[in-house]
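The values are calculated or read from the model by the stated rules, or taken from the named source; none is laboratory data. Quantities reported herein were computed from a predicted structural model and do not represent experimental measurements. Cβ placement follows ideal geometry from the backbone for every residue including glycine, while neighbour counts extend to all protein chains displayed. Accessible surface areas use protein heavy atoms only, side chains included; no ligands, DNA or RNA. Shrake-Rupley method; radii C 1.70, N 1.55, O 1.52, S 1.80 Å.
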Amino acid sequence: MPRVSVVVPAYNSVAFIDATMRSILAQTFSDFELVVSDHSSTDGTWEALQHYTADPRVRLSRLAPGGGAPANWNAVTDLATGEFVKLVCGDDVLYPESLAMQVAALTAHPSAVLAASARDIVDAAGTPVLRNRGLGGLRGEVTGTEAVRRTVLAGTNIFGEPASVLFRRAALADAGGWNGRFPYLIDLATYCAVLLHGNLVAVPHPLAAFRVSHSQWSVQLMHAQGDQTIGFQRELAAARPGLLGRRHLLIGSARAHMNALGRRAVYRWLGRRMRPGTANE
């Protein structure tokens with residue numbers, strides 16, 4: 001049984017799946033399996049994945065259409081067998097020390113159920129456009145409740161996309177798996193549920209790269225993300241009395257709106273440096 005399961009929910013990501021797979025297989029930490037679930041892609045993703053079947057660490061599966069991202073994220077995570085699990089979307093990239101540093105962090109902090117690191121934001125060509133983002137100033141071990149409060153106060157996901165995070169698999173299962181209640185916050189909602197079962201360990205080094213795409217430049221999407229962030233904060237406060245106070249909700253709501261405007265400006269800037277049709281859609 002491997003120490004770590006790296007799981008990849010792939011969907012129509014043929015332009016980037018090779019870079020994703022190569023970055024995972026090039027990890028300096030060797031005790032891992034790589035499980036990929038292709039959500040019935042139609043662009044050649046499944047065919048591209050066949051090049052990796054000779055590697056004994058790789059297992060491939062296919063999922064029938066339907067259910068959106070939550071269905072595939074949970075399906076591929078259910079196939080994991082390792083003590084730890086990391087989900088990497090089919091267009092993101094891990095840096096070589098990612099698994100080694102996060103496994104070491106969780107091993108050194110047995111009360112932590114989740115390790116999160118900073119990450120870089122890259123364009124379609126893999127060129128960094130924003131470096132060393134995330135964590136909101138957190139370092140080392142932090143209680144789960146304090147970590148949740150910090151991300152609410154920030155009005156955004158300070159832990160980063162799933163490639164930036166390593167879970168104890170048992171804690172993710174205890175939290176109910178990936179939470180699809182808020183479609184644009186499937187990662188953040190899940191992190192918060194897991195952190196109510198234990199602590200966070202923050203690793204202040206960029207260990208992954210998140211790739212931006214055209215679909216993220218929509219003004220309508222910016223508003224939807226902000227509105228869902230506020231709705232999630234209120235639902236979390238109602239479900240866990242005492243976790244969040246009025247101050248957390250007021251500040252978190254205001255910053256969620258500000259962050260939506262900020263993302264709009266950043267993505268417009270990115271749109272000017274990336275020609276139409278070059279990003280993953």
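Need the full-extension length gain, T28 to M1, defined as separation in residues times 0.36 nm minus the C-alpha distance. One decimal, nm.
Full extension of this stretch gives 7.9 nm more.
Heavy atoms only, probe 1.4 Å: what % of the accessible area of segment 68-166 goes to carbon and sulfur, would you let me know?
Result for segment 68-166: 54 percent of the exposed heavy-atom area is carbon or sulfur.
If you roll a 1.4 Å probe over the heavy atoms of the protein chains, what accessible area per residue do you get for the chain, in Å²?
Value returned for the chain: 43 Å² of accessible area per residue.
Shape verdict for segment 1-115, please, from the Cα gyration tensor: rounded (a/c under 1.5), prolate (a/b greater than b/c) or oblate.
It comes out prolate by the Cα gyration axes.
What distance in nm lies between label points placed 7 Å from Cα along the C-beta direction at A108 and A254?
Taking the simple label geometry, A108 and A254 are separated by 3.7 nm.
Suppose R0 equals 35 Å. What FRET efficiency, 1/(1 + (r/R0)^6) with r the Cβ-Cβ distance, do A54 and R131 give to the nearest 0.05?
Computed FRET efficiency for A54 and R131: 0.50.
Averaging sequence separations of C-alpha pairs under 8 Å and six or more residues apart, then dividing by the length of segment 149-259, give the relative contact order as a whole percent.
43 percent
Once you place label points 7 Å from the Cα toward the Cβ at E47 and D78, how far apart are they in nm?
For E47 paired with D78, the spin-label model returns 3.0 nm.
³J(HN,Hα) across segment 104-109 via Karplus (A = 6.51, B = -1.76, C = 1.60, θ = phi - 60°), whole Hz, x for Gly/Pro?
Whole-Hz 3J(HN,Hα) from phi for segment 104-109: 4, 5, 5, 5, 6, 10.
Given a Förster distance of 22 Å, report the FRET efficiency between H205 and R181 from their Cβ-Cβ distance, rounded to the nearest 0.05.
About 0.10, to the nearest 0.05.
Efficiency by 1/(1 + (r/R0)^6): what FRET value for L243 and D174, r their Cβ-Cβ distance, R0 = 22 Å, to the nearest 0.05?
0.80
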